[in-house]
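First comes the structure, then the notes that go with it.
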Amino acid sequence: AIYTLQPFDYILKIPVLIDINTVENIQISTEEQNYEMSVDTEKEVYQLGKRKVKKEVFTNLYQELASVMLDKEPGPEAKEGKEVLAVVYHRNREDAPDTQVIYYEYEGDDAYCLVEINGTQKFLVKKVDVETLVKQIEEEF
């Protein structure tokens, strides 16, 4: 039974989990447009683009960015299609590196997108979840 254990079964299924206190801004690119979220948690300043918003509005969208869950690992022949969504977390501390999450169309199955984290880790996520996230981003801005 030990030989049937898969490492994927034991990982946290969230692509990235980043402490909001370490974020300076987040650049978001969809197929249609580019967006920026800015935050200064010490001064309690939250912005979507140039618009100042309440903390709750900002944190709701921030949490949605982490809502697309990893579903499974791609096969060895996995090919990425065009970029659907890119999210780059720019950090406010030297010891916290920037993090890039890119969602691509997946050439192997229309029901999935391929997510790439910092150019290396690749997993499959449900395409409908990515489409829902893109809609939420567009609605907030």
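The values are calculated or read from the model by the stated rules, or taken from the named source; none is laboratory data. Because the structure is a prediction, the values reported are computed rather than measured. A quick note on method: Cβ atoms are made from the backbone with ideal geometry, for glycine too, and the neighbour counts reach across all protein chains shown. Surface areas here come from the heavy atoms of the whole protein model, side chains and all, with no ligands, DNA or RNA. Shrake-Rupley method; radii C 1.70, N 1.55, O 1.52, S 1.80 Å.
List of remarks:
- Test for Val87: is it surrounded by 15 or more Cβ atoms within 10 Å (Cβ to Cβ), touching a helix residue (DSSP H, G or I) at 6+ places or on another chain (Cβ under 9 Å) and either aromatic (Phe, Trp, Tyr) or under 17 Å from Glu138 (Cβ atoms) (or both): yes
- Restricting region 7-58 to residues that are among the hydroxyl-bearing types (Ser, Thr, Tyr) and part of a strand (DSSP E or B) leaves a set whose member that is nearest to Asp129 (Cα to Cα) is Thr30.
- Residue match in region 90-98 (condition: over 25 Å from Gln6 (Cβ atoms) and outside any loop (DSSP other than H, G, I, E, B)): yes
- Taken over region 12-42, the criterion of being basic (Lys, Arg) and at pLDDT 95 or above is satisfied by no residue.
- Across region 110-126, the qualifying residues are those that are over 12 Å from the mean Cα position of the chain (by Cα) and open to solvent by 60 Å² or more (accessible area, probe 1.4 Å), and the one among them that is nearest to Ala78 (Cα to Cα) is Lys122.
- Leading residue by the ranking (nearest to the chain's Cα centre (by Cα)) among those in region 73-84 that are part of a loop (DSSP other than H, G, I, E, B) and surrounded by fewer than 16 Cβ atoms within 10 Å (Cβ to Cβ): Glu73
- Breaking point among (1) exposed (fewer than 11 other Cβ atoms within 10 Å of the Cβ); (2) closer than 26 Å to Glu105 by Cβ, for Thr4: (2)
- Hits in region 46-72 - residues which are within 12 Å of Ile137 (Cβ to Cβ) and crowded, with 17+ Cβ neighbours inside 10 Å: Leu48, Leu61, Tyr62, Leu65, Val68
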